[in-house]
């Protein structure tokens, strides 16, 4: 990767507004196959809002928007969701008009085992007309294209961490398509199998990182519905695919709840942690 002055983007801001329409919330509930009977937006469900609407001519071959604009034009071909941190300061009500102020907080370039990497952290400050307030720090990773296609681990080491509850997730292309549609995400790795296999070297469609995080949060809500999450963080570790089952797990440790996903081979695919207000 050529040296660039990407630090010039640090501090840039943009604002967007949306409304927490009940119809869209109900569509996500149907996609996740859960009941939706509460008046406030569940944690992480804001990802179906504030999504940029780029014209078709503004898209790159991978379905992402062409580089430039608000985010720095990182000179690496692959862009993926690396993780995030959240503070749910006060509830956002369904039906509220909401504003999101986004600020680029840092751009870090480094060399990793697979080549050049760049990490961009964007802070999203979300407020609603009735006093709701969430803060998200979104980590984006840019990577080089690998020299060879993805291959299953030759000697996987399954994670044996004890859990209070576990669930098996059987993904399919319809789930990925519906989530892409709700988030207006044109990234072809989530719905175009031919592109995934021939251009990206993956064996199947890539399961969305935010969707995995949402499933972890939903498992917590199902097993402990009376707990209020005040903070949450997650980090993507390994890819999940639409044709391979995976598992999600949770363990209560006082005011902290550990959450994680394991891939088909038993390896950790995502780490997460929730902090709760009371038990």
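Every number in this text was worked out from the coordinates using simple rules, so none of it is lab data. Nothing here was measured: the structure is a model prediction, and the numbers come from that model. Cβ placement follows ideal geometry from the backbone for every residue including glycine, while neighbour counts extend to all protein chains displayed.
Data table
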item: Separation in nanometres of the label points that stand 7 Å from Cα toward Cβ, at residue 39 and residue 19; result: 1.9 nm
item: Shape category assigned to the range 1-92 from the gyration tensor of Cα positions, a/c cut at 1.5; result: prolate
item: CD proxy at 222 nm, helix term only [per DSSP H run n ≥ 4: -39500 (n - 2.57); per residue of the chain; nearest 500]; result: -4000 deg cm²/dmol
item: Ranked packing of 127-140, 202-215, most packed first, by mean Cβ within 10 Å; result: 202-215, 127-140
item: Fraction of the pair-distance distribution of the chain above 23 Å, Cα-Cα pairs, percent; result: 56 percent
item: Overall form of the range 126-167 per C-alpha gyration tensor (a/c, 1.5; a/b vs b/c); result: oblate
item: Sorted peptide list for 216-229, 147-160, criterion being average Cβ within 10 angstrom, highest first; result: 216-229, 147-160
item: The chain - percent relative contact order, Cα under 8 Å, separation 6 or more; result: 19 percent
